[in-house]
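None of the figures in this text is laboratory data; all of them are computed from the coordinates on show. Since we're looking at a predicted model, the values are computed, not measured. All Cβ positions, even for glycine, are placed from backbone atoms using ideal geometry, and neighbour counts span all protein chains on display.
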Amino acid sequence: MFQLSENEQELLLRHARNAVWAHLSGETRVQPDIAGGVLAESHGIFVSIHKGAELRGCIGNVHPAGPLYRIAAECAISAAVADPRFMPLTSRDFPGVTFEISVLSAMEPVEKIEDIEIGMHGLMIHKREARGLLLPQVAGAYGWTRERFLAETCRKAGLGPDEWRDGAIIFRFSALVFAEKRLQTITAS
């Protein structure tokens, strides 16, 4: 799993926050001048927005087509105003939220569930037209078993909780997770 320096993490978080603020306030968004390095590479990413301990929005892109810094801004705006589970964030709400970014590794097929490590791997499940994804930090935060993690990922896909057992395609991935304020890095690889 690649790494981002603390400065790169801070830059990406600041860029995501600034993009959302520009969107909410109707200002023109200023893109940073990043010509090379990891932030200019294409990686899967999710941006989560929290108000206190509560999730306020989370949107990502598993297969991005562009540089990490640009996709981070796009996902941050979508998490703020387009996550269908939440009312759109307003400029009034903005000062009370924090941002968390999860930069994803490549997806790996899961051959047997013993290959899934709670707290280390996120999951994506495909079955028929349904697809669900949960980030690595979710299962660890709730203390789930592998089977419960698989069941909850199925639910996220709109499937029955046991449908992972029959004909589902299961992928695992790791993530570099970092957040505002504490800038505490959790590396899952």
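Under a plain spin-label model, where a point goes 7 Å from the Cα along Cα-to-Cβ, how far apart in nm are ARG85 and LYS181?
Taking the simple label geometry, ARG85 and LYS181 are separated by 1.9 nm.
Out of these labelled values of Cα extents along the principal axes in Å, (i) 49, 35, 30; (ii) 38, 34, 33; (iii) 46, 36, 28, which was calculated from the coordinates shown here?
Looking at Cα extents along the principal axes in Å for this model, the match is (i).
Based only on other Cβ atoms within 10 Å, what is the fewest-to-most ordering of ILE169, ILE71?
Neighbour counts put them in this order, fewest first: ILE169, ILE71.
For an R0 of 41 angstrom, estimate the FRET efficiency from the Cβ-Cβ distance between ALA130 and ASP33 and round to the nearest 0.05.
Given R0 = 41 Å and the Cβ-Cβ separation, E is 0.50.
So for LYS112, LYS127, fewest C-beta neighbours within 10 Å to most, what's the order?
LYS112, LYS127
Karplus couplings for region 83-91 from phi (6.51 cos²θ - 1.76 cosθ + 1.60, θ = phi - 60°), rounded to Hz, Gly and Pro as x?
Per-residue couplings from phi come out as 6, x, 7, 9, 5, x, 5, 10, 4 Hz.
Cα axis of helix 146-156 to longest principal axis of the chain: angle in degrees, 0 to 90, nearest 10?
Its long axis makes an angle of about 60 degrees.
As an exercise, identify the trypsin sites (Lys or Arg not before Pro) in region 1-88 lying in DSSP coil whose Cβ has no more than 12 other Cβ atoms within 10 Å.
When the trypsin sites (Lys or Arg not before Pro) of region 1-88 are filtered for loop state and at most 12 Cβ neighbours within 10 Å, ARG85 remain.
Counting other C-beta atoms within 10 Å, and keeping those with at most 10, which DSSP coil GluC sites (Glu not before Pro) do you find in region 58-148? Write out the running numbers ahead of the final one.
Working: sites: GLU74, GLU100, GLU111, GLU114, GLU117, GLU129, GLU147; in loops: GLU111, GLU117, GLU129.
When the GluC sites (Glu not before Pro) of region 58-148 are filtered for loop state and at most 10 Cβ neighbours within 10 Å, GLU111, GLU129 remain.
Filter the chymotrypsin sites (Phe, Trp or Tyr not before Pro) in region 1-89 down to the DSSP loop ones having no more than 11 other Cβ atoms within 10 Å, then list what survives.
Filter output for region 1-89: PHE2.
With a Förster radius of 22 Å, plug the Cβ-Cβ distance of SER42 and GLU6 into 1/(1 + (r/R0)^6) and report the FRET value to the nearest 0.05.
0.50
Using helices alone, I'd like the mean residue ellipticity at 222 nm for the chain: each DSSP H run of four-plus residues gives -39500 (n - 2.57), total over residue count, nearest 500.
Value at 222 nm, helices only: -8500 deg cm²/dmol.
By a straight-distance test (C-alpha under 24 Å), which lysines pair with LYS51 as possible cross-link partners, with residues fewer than eight away in the same chain excluded?
The reachable lysines, counting only those whose Cα sits under 24 Å from LYS51, are LYS156, LYS181.
For PHE94 and GLU111, calculate 0.36 nm times their separation in residues minus their Cα-Cα distance, and state this gained length in nm to one decimal. The partial results should precede the final answer.
Numbers: separation 17, 0.36 × 17 = 6.12 nm, distance 4.26 nm.
Result for the pair: 1.9 nm of gain on full extension.
When the Cα centres of region 92-167 and region 24-66 are compared, how far apart do they sit, in Å?
Between the Cα centres of region 92-167 and region 24-66 lies a distance of 20 Å.
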